[in-house]
Each structure stands twice: as structure tokens, then as C-alpha cells.
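Please read the structure below before turning to the comments.
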Amino acid sequence: MKILAPSILSADFTRLGEEIRTVAQAGAGYIHIDVMDGDFVPSISFGMPVIRAARKVTDAVFDVHLMISDPDRYLPEFAACGADILTVHAEACTHLDRTLALIHSLGKKAGVALNPATDLKVLEYVLDEADMVLLMTVNPGFGGQKYIPYCTRKIRDLRNMISGRGLHTAIEVDGGIGDATIREVLEAGADVLVAGSAVFGADPAGKVKEYLKILGEYEA
Ligand code: DX5
Ligand code: ZN
């Protein structure tokens, strides 16, 4: 199943509830929520109060991407404020296995995110413990950046690694996904496509519908 996950980082924050409702009603499977701490990444976005408020406007799946150092400190709070999927960066976790177990113990789905330069080898022993792997296709920290071309090979390699082991781990791609790259990442084997600036432009509902049509062509 292919899923579109609009990133609210590029939404109009003065009308956040409306923006979320619009893309959810247009058929977006997940709402992608980027939390940045100004330490793991160079920018600061938003945290629990915003997620708690957003939770009131929709039942959509909240796909929370934690770009924060040592996420264990805050996982129970993020679980309590309405996250459904909690994705942590392998680079930000000293004890990744323990972090994934903590997320599961909170009753949430666990994702592992990797920066573009991080080797897939870090997944070697924990792949079975993750529900999803998020491959960053830009360096995390900002919306609206350009897709890094070598990431296509990485998506393909991860797809082979997952199928080779007979697993059903979802592959999420995040960064620079839009008109010029959507087919390329789908062909490489991505399941969940994050799109921020490409969706929250002039016509978010129209863009979601347009992308869902493309996703449908790649449905197995
Ligand atoms: C970047 C975030 C992304 C971002 C994507 O650090 O993780 O989710 O919102 O934005 P676009 O789709 O504009 O590249
Ligand atoms: Zn993200």
C-alpha cells in the first residue's frame, strides 16, 4: 500500500487545523509532523502543544518524525499527545534497540530514520524491530530542499534488503519529493512519500489528489 504523508512543516501555521483537515479529507494517509530541536538539526520547529492541538481536528494517522537528540527523554510525552508512529534518527540514539522497544511499549509504531550519508548497515540487526524505515533524501532541518540523487540507489538497496529477508517493513522517503521526483522514488521501492512544499503550495487538496493518482499506478 502506497501512502502520501504531507508534511505540515510547509503548511500555513495561522490556519494549521484547516490545512490538516484539507489534506486528510483529500485522502492523505498520514500527516507527517516534523519535530526539530535545534541540536540534532540546525532548526527548531514545534513540539507537543502543537501536536496536541492538531490531534483535535482529525483522526488521521500522525506520523511524527523526531529530529531530536536522545529522543527517549520525550517519547512518553509524544505518545501521550497523539502520535501514532514515532520515528527516531539512528544517529540520535545511543541505544537504538532500547529506544525501539520503548516506542513499542508505549503502544506505538516505531520508525528508524537515516540521514542521507548514513549507511544501511546500521539497520542490519534492528531491521526486524522497526515497523518503518525513513530514508532522508535531503539533509534534515528544512523544508523545500533539493532531492539528493544518490538516495535513489539507497531506496533500491533498502527495498532489496527488506524483500531479501521476507519482511514487510515500510520504506518512507522524506525530502525534495515533488513533481520531478515522485515517480523515481516509487520506482525505486518507496511506500510512504513525505511531501511538504510540493503539497502546501497553491492547492493542497488538488496536489494530494494528483499525487494519489500517481501512487495508485505503483500499487502492487
Ligand atoms: C526535513 C523534514 C521534511 C520536510 C520535507 O528535515 O524532515 O519532512 O518537511 O519538506 P519538502 O517536502 O519541502 O522537502
Ligand atoms: Zn520529516
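The values are calculated or read from the model by the stated rules, or taken from the named source; none is laboratory data. Remember, predicted model here, so these are calculated numbers, not experimental data. Every residue, glycine among them, receives a Cβ derived from its backbone with ideal geometry; neighbour counts consider all protein chains shown. Keep in mind that these areas ignore ligands, DNA and RNA; they rest on the heavy atoms of the full protein, side chains included. Shrake-Rupley method; radii C 1.70, N 1.55, O 1.52, S 1.80 Å.
Does the stretch 1-10 hold any residues that are more than 10 Å from ligand 1 (Cβ to nearest atom) and open to solvent by less than 10 Å² (accessible area, probe 1.4 Å), and which are they?
Listed by number, the list holds a single entry, 4.
Among the residues that make up the stretch 16-23, is at least one of them part of a loop (DSSP other than H, G, I, E, B), away from ligand 2 (no atom under 15 Å from the Cβ) and of a type outside the set (Val, Ile, Thr)?
No, there is no match, as no residue in the stretch 16-23 is part of a loop (DSSP other than H, G, I, E, B), away from ligand 2 (no atom under 15 Å from the Cβ) and of a type outside the set (Val, Ile, Thr).
Under 6 Å between Cβ atoms, at least 6 apart or on separate chains: pull out the pairs that start in the stretch 128-148 with a residue that is modelled with pLDDT under 95 and in a loop (DSSP other than H, G, I, E, B) and end on any residue that is open to solvent by 30 Å² or more (accessible area, probe 1.4 Å) and away from ligand 2 (no atom under 11 Å from the Cβ).
Pairs found: none.
Regarding residue 106, is this residue more than 14 Å from ligand 1 (Cβ to nearest atom), open to solvent by 50 Å² or more (accessible area, probe 1.4 Å) and either among the polar types (S, T, N, Q) or touching a strand residue (DSSP E or B) at 6+ places or on another chain (Cβ under 8 Å) (or both)?
Judged against the criteria, residue 106 is a match.
For residues in the stretch 197-220 being touching a helix residue (DSSP H, G or I) at 6+ places or on another chain (Cβ under 6 Å), in a loop (DSSP other than H, G, I, E, B) and not polar (S, T, N, Q), which is surrounded by the fewest Cβ atoms within 10 Å (Cβ to Cβ)?
Ranking the qualifying residues of the stretch 197-220, first place goes to 218.
Could you grab the pairs with beta carbons closer than 8 Å, sequence gap of 6+ or different chains, first residue in the stretch 185-209 and more than 16 Å from residue 147 (Cβ to Cβ) and of a type outside the set (Asp, Glu), second one within 9 Å of ligand 1 (Cβ to nearest atom) and assigned to a helix (DSSP H, G or I)?
If the second residue must be within 9 Å of ligand 1 (Cβ to nearest atom) and assigned to a helix (DSSP H, G or I), the pairs left are 200/8; 200/10.
Could you list, in sequence order, all residues of the stretch 37-67 that are under 12 Å from residue 86 (Cβ atoms) and within 12 Å of ligand 1 (Cβ to nearest atom)?
63, 64, 65, 66
If you go through the stretch 99-112, how many residues are under 17 Å from the mean Cα position of the chain (by Cα) and more than 17 Å from residue 159 (Cβ to Cβ)?
Looking only at that region, the number is 5.
Restricting attention to the stretch 49-81, which residues are among the aromatic types (Phe, Trp, Tyr), outside any strand (DSSP E or B) and either surrounded by fewer than 15 Cβ atoms within 10 Å (Cβ to Cβ) or within 16 Å of ligand 2 (Cβ to nearest atom) (or both)?
Within the stretch 49-81, 78 is the sole residue that qualifies.
Could you grab me the full set of residues in the stretch 20-33 that are open to solvent by 10 Å² or more (accessible area, probe 1.4 Å), of a type outside the set (Gly, Ala, Ser) and touching a strand residue (DSSP E or B) at 6+ places or on another chain (Cβ under 8 Å)?
30
Looking at the structure I just gave you, is residue 174 within 15 Å of ligand 1 (Cβ to nearest atom), open to solvent by 10 Å² or more (accessible area, probe 1.4 Å), among the charged types (D, E, K, R) and closer than 29 Å to residue 38 by Cα?
So residue 174 passes the test.
Yes or no: residue 142 within 16 Å of ligand 2 (Cβ to nearest atom) and open to solvent by 30 Å² or more (accessible area, probe 1.4 Å)?
Values: within 16 Å of ligand 2 (Cβ to nearest atom): yes; open to solvent by 30 Å² or more (accessible area, probe 1.4 Å): yes.
Against the criterion (within 16 Å of ligand 2 (Cβ to nearest atom) and open to solvent by 30 Å² or more (accessible area, probe 1.4 Å)), residue 142 qualifies.
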